[in-house]
Structures are given as structure tokens and as C-alpha cells.
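**Student:** Take a look at the following structure, please.
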Amino acid sequence: MDFELTDEQRAFRETLRAFVDKEIVPVASEWEHSGRYPAEIVDKMKRMGLFGLTVPEAYGGLEADNVSFTLVFEEIARGWMGVAGTIGSHSLACWMIARHGTDEQKKAYLPDLATGARRTGIALTEPGAGTDLQGITTTARREGDHYVVRGTKTWITNARHADPLPVLVKTSQTAPAHKGMSVLLVDASSEGFSVSRDLPKLGYKGTESCEVVLDDVRVPVANLLGGVEGRGMQQVLSGLESGRLNVAARALGIAQAAYDAALAYSQERTAFGQPIAEFQAIQLKLADMATEIQAARLLTYWAASRADSGERVDMEAGMAKYFASEVAIKASLESMRIHGGYGYSQEFVVERLYRDAPLMAIGEGTNDVLRMVIARALLSGKGKVGW
């Protein structure tokens, strides 16, 4: 049983860590509070090849293993979770195109997506359909060699930069919901395609989350992902394993940053003539945070390594995302308590972590839904506890 990173993974992590500490940590709070888009950071991530994380080497990507994939999101989220969002949905969409796209679609899009010359995201959620994707109402009506798409998508990360934007649509009104859905690769320049507004958010700032309107957008049939109708739900769900590892890793980054801030502050802040780290109440909080973060990290890396072995990891990725996100929420709150009044101040990083953490329990499937996914895997015999 090996719980160690490989030499290559360790070197990769150190490169990421140095980048985050130099380029992201010093500016994150100021840029987040001013609403500044992290364009300079994005450009540097392009040069590092991070937009090609899930793109095969044959198309110019890194084709990173899943453990290395989680390291990227853990380290970047430690510096600024919003920045991690710029490559999160992009990586998921690239994975879907690489896994399910036709040869022509791969050749057309993946080389530029790998370098960041093109960027992408994924449009699933609608005002009336989030977790229940079978409830979407966006339709694609076939007219000759085009689909005519009509509907609204919301909470779309990278919407102002995505080209193409994979959009989940209903291509059949008569087939069962899960068999009547498809993914279309929509070019942002298409007539009728518009980003109507940026949604105001508690946290997860830096990258945009938008509402997208598709008003009779004509999409070539050649842009049907995989070239066959009715496979959209299957394509999306297959990508959510990667998405949940992504969110679990981001939660780890938030939790680690919260712990680091709490540990440092507890050793600097004095009360009653001594550092507050000398008080047992503070020590217990630090011990709980450290233990839970390490448990979440091992669970996340375990799920990622299982995915690297070629196994389905619906349950494992669900466990990692569920547990790590709850740890992030708790760690950010405990760090705020250790900081006292300063934890509530925008001059300290903790308040941003406290605002970012809750999204981890919502994104890529709410934690209540994931608990049901885990339970069903156990009850069906497809999942088990233990080695």
C-alpha cells in the first residue's frame, strides 16, 4: 500500500506551489475585493500548459493523471479558489470532447483548447433545473443540417470566454428524458447566442458565472458531440467523476489555506501574556482541523488513484467531494473563530475562504445527492467499504 506521490508528481506539485505563492497569493484578496478579472494569472497558466490538463498529448495537451489533476486544483484553490474555476469547467469540457467527440471535433477544437488559445466551459444548469438535469427545457430542433437551439442556461463558468460552449439540450421530446438529451458544441459567435448577465455571488469571485441565452441559435449537425443523438446525459455523467475530483481538490485547497492561516495567527496573537496557541481550546481546534484535512486529502488522492487504474469511481469520487467539502466549510469557520474579530475583516484571508467554502458542498452535485449516490452504490453491491 503506497501513500506517496511519485517523484514526477512531487516535482509537479512543487512547481505549482511556487507559482501559487508567487503569482496568486499576493494579489488574491485585493483583486477579489475589487472585482478584477485575473487575466495575468490566466495567461501564466496558459504558458504552464494547465489548460491542457485533460487534453491528450496527441493534441498538444498534458494528459495529466488524475492524481496530478487533483494537485493542480488543490494548490490553485489554496491561493484563490476563483482562479481554479477558470480551468475547472474548461478541463471537464475538454475531457468530454477528448472522450466522446468525433475525430473531426477533436482535431478542430482540442489543439487550441490545450494551449488556452480557445477556452471553454459547460452549460448544464438552467433556472429551473440544477441537480435534476433531466428537467432541462432547452431544446434543439433539427432543421436540415442544423439544430435550432432555444433556452436559457445559468451559473455558467467561463461563459464570456467559452468558444465553443458545450450545451446540454433536449433533441427529443418523445424519448425518455435520459435518452432524449444531447450535447451540442455551440460557437460563441453564433447569431442568437448571448451572455445576458453576470450573476452576483457571495464568493467564487475572479471567474465569471453567467446566464446564457440561446434564442433560436443555429448549430451545425457536425457540432453534435460524438455525432449521435441521445447520448448527452451519458456523456455528462461520465465527466462528473472528474468534476467531483476537481471540487474535492478545491475544497482541500480552501481547508489547507484556512488551517495555515489559523496556525500562523495562533502563534502570533497574544492574550493574557502568551500566544493563544498555548491555550488548550485553540490547540484542540488546530488538531481537529489538521486531522480532518489530512483524512480528506487521503480520501481524495485515493479516489484519484482508483480512477487512474481505469476503474469507475462514482462512489469514491462522491465520497471525496462530500467529505472534503464539509471539511472545508468547518475549517474556514474554525479558522475564523481562532482569528476572532480579525477573521471577519476583509484585511485577512479567512473571510474569503469562509465565503468560498460553501460552494464546494453545492457544485458537481449537492452533498445530500452525493450521499444518496454513495448509499445506492453500497446497496447495489457496486461499492464497498474497505480495500
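**Student:** For residue 242, which of the numbered conditions (1) of a type in the set (Gly, Ala, Ser); (2) under 30 Å from residue 294 (Cβ atoms); (3) buried (at least 23 other Cβ atoms within 10 Å of the Cβ); (4) modelled with pLDDT of 95 or more fails to hold?
**Tutor:** Going through (1) of a type in the set (Gly, Ala, Ser); (2) under 30 Å from residue 294 (Cβ atoms); (3) buried (at least 23 other Cβ atoms within 10 Å of the Cβ); (4) modelled with pLDDT of 95 or more one by one, residue 242 breaks only (4).
**Student:** Read through the list (1) farther than 30 Å from residue 102 by Cα; (2) outside any helix (DSSP H, G or I); (3) in contact (Cβ under 8 Å) with a residue 24 or more places away in the chain, then give the number of the only condition that residue 200 fails.
**Tutor:** That leaves (3) as the condition not met.
**Student:** Restricting to the stretch 363-381, count the residues that are touching a helix residue (DSSP H, G or I) at 6+ places or on another chain (Cβ under 8 Å) and more than 30 Å from residue 126 (Cβ to Cβ).
**Tutor:** Total satisfying the criteria: 1.
**Student:** Further question: Among the residues in the stretch 24-41, are any out of contact with any His (no Cβ under 6 Å at 6 or more places or on another chain), of a type in the set (Lys, Arg), under 30 Å from residue 230 (Cβ atoms) and not assigned by TED's automatic domain parsing to the domain that holds residue 354? Don't jump to the end; show me each part of the working.
**Tutor:** Let us first name the residues in the stretch 24-41 that are out of contact with any His (no Cβ under 6 Å at 6 or more places or on another chain), namely 24-41.
The next check asks that each one be of a type in the set (Lys, Arg); those that pass are 36.
Next, from what is left, pick out any that are under 30 Å from residue 230 (Cβ atoms): none.
Within the stretch 24-41 (the criterion being out of contact with any His (no Cβ under 6 Å at 6 or more places or on another chain), of a type in the set (Lys, Arg), under 30 Å from residue 230 (Cβ atoms) and not assigned by TED's automatic domain parsing to the domain that holds residue 354), the answer is no, since none of the residues qualifies.
**Student:** Give the stretch 235-274 a look and list any residue that's polar (S, T, N, Q) and in contact (Cβ under 8 Å) with a residue 40 or more places away in the chain, or say none.
**Tutor:** In the first step, residues of the stretch 235-274 are kept if they are polar (S, T, N, Q); the result is 235, 238, 242, 246, 256, 266-267, 270, 274.
Answer for the stretch 235-274, where residues must be polar (S, T, N, Q) and in contact (Cβ under 8 Å) with a residue 40 or more places away in the chain: 235, 238, 242, 246, 256, 266.
**Student:** If you scan the stretch 83-112, which residues turn out to be assigned to a helix (DSSP H, G or I) and of a type in the set (Ser, Thr, Tyr)?
**Tutor:** From the stretch 83-112, those assigned to a helix (DSSP H, G or I) are 83-100, 103-112; that's our starting set.
86, 89, 91, 109 - these are the residues of the stretch 83-112 that are assigned to a helix (DSSP H, G or I) and of a type in the set (Ser, Thr, Tyr).
**Student:** Residue 70 - would you say it is assigned by TED's automatic domain parsing to the domain that holds residue 24, under 15 Å from the mean Cα position of the chain (by Cα), surrounded by 21 or more Cβ atoms within 10 Å (Cβ to Cβ) and not in a helix (DSSP H, G or I)?
**Tutor:** No.
**Student:** Could you tell me whether residue 139 is at pLDDT below 95, outside the structural domain of residue 98 (by TED's automatic domain parsing) and farther than 27 Å from residue 359 by Cα?
**Tutor:** For residue 139, the condition - at pLDDT below 95, outside the structural domain of residue 98 (by TED's automatic domain parsing) and farther than 27 Å from residue 359 by Cα - is not met.
**Student:** Shifting gears a bit: Return the residue satisfying two criteria in turn: it lies in the stretch 148-197 and is within 16 Å of residue 226 (Cα to Cα) and either free of Cβ contacts under 8 Å to residues at least 24 places away in the same chain or β-branched (Val, Ile, Thr) (or both), and of such residues it is surrounded by the fewest Cβ atoms within 10 Å (Cβ to Cβ).
**Tutor:** 171
The values are calculated or read from the model by the stated rules, or taken from the named source; none is laboratory data. These figures come from a predicted structure and were not determined experimentally. Methodologically, a virtual Cβ is constructed for each residue, glycine included, from the backbone with ideal geometry; neighbour enumeration extends over all protein chains shown.
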